[in-house]
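Right, one structure below, let's go through it.
The values are calculated or read from the model by the stated rules, or taken from the named source; none is laboratory data. This one's a predicted model, so the numbers in the text were calculated from it and none came from an experiment. Cβ: placed from backbone, ideal geometry, glycine included. Neighbour counts: every protein chain shown.
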Amino acid sequence: MEIYDKAQALAKAIGECREYEQLVKAGEELAKDKSTKDMVKEFLVLQAELAYGQSMGAAPAKKRTDRLNELSVLIKNNTQAQDYLQTYHTWQNMAGEILQIIQQAMAKGMSILDR
């Protein structure tokens, strides 16, 4: 089917996208330093958990917020972590826009649920 071919073309385009290639390269560099990689991973996980909790109406957990703040200070002093996170956020923004375009294209078919 044509739509599957276009999905495959999108997957190929993502793999060839400059921003995605930069993210992969930054990830490979980050993986060379386990402690920095672990710090960045913990930072991203805590950030996501706090954002999810906030979206569900939960008050931020002080222990997690404090740890996120500690990690933020460490990251500010680590060029490799900063570089990865900057590349990560650039790609996340772009990927979010791509997903929004796809969701908007599919919204009409789901509009029956709105009634």
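Numerical summary
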{"read-out": "Matching residues, segment 73-91, being free of Cβ contacts under 8 Å to residues at least 24 places away in the same chain and either part of a helix (DSSP H, G or I) or under 19 Å from the mean Cα position of the chain (by Cα) (or both)", "value": "V73, K76, T79, Q82, Q86, H89"}
{"read-out": "M94 being loosely packed, with under 10 Cβ neighbours inside 10 Å and in a helix (DSSP H, G or I)", "value": "no"}
{"read-out": "Filtered residues of segment 26-37 (kept if surrounded by 12 or more Cβ atoms within 10 Å (Cβ to Cβ) and in a helix (DSSP H, G or I))", "value": "A26, G27, E29, L30, T36, K37"}
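Here's the yes/no breakdown for (1) modelled with pLDDT under 95; (2) surrounded by 13 or more Cβ atoms within 10 Å (Cβ to Cβ); (3) over 23 Å from V24 (Cα atoms):
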{"residue": "E42", "(1), (2), (3)": "no, yes, no"}
{"residue": "V45", "(1), (2), (3)": "no, no, no"}
{"residue": "A48", "(1), (2), (3)": "yes, no, no"}
{"residue": "Y52", "(1), (2), (3)": "yes, no, yes"}
{"residue": "G57", "(1), (2), (3)": "yes, no, yes"}
{"residue": "K63", "(1), (2), (3)": "yes, no, yes"}
{"residue": "I75", "(1), (2), (3)": "no, yes, no"}
{"residue": "T79", "(1), (2), (3)": "no, no, no"}
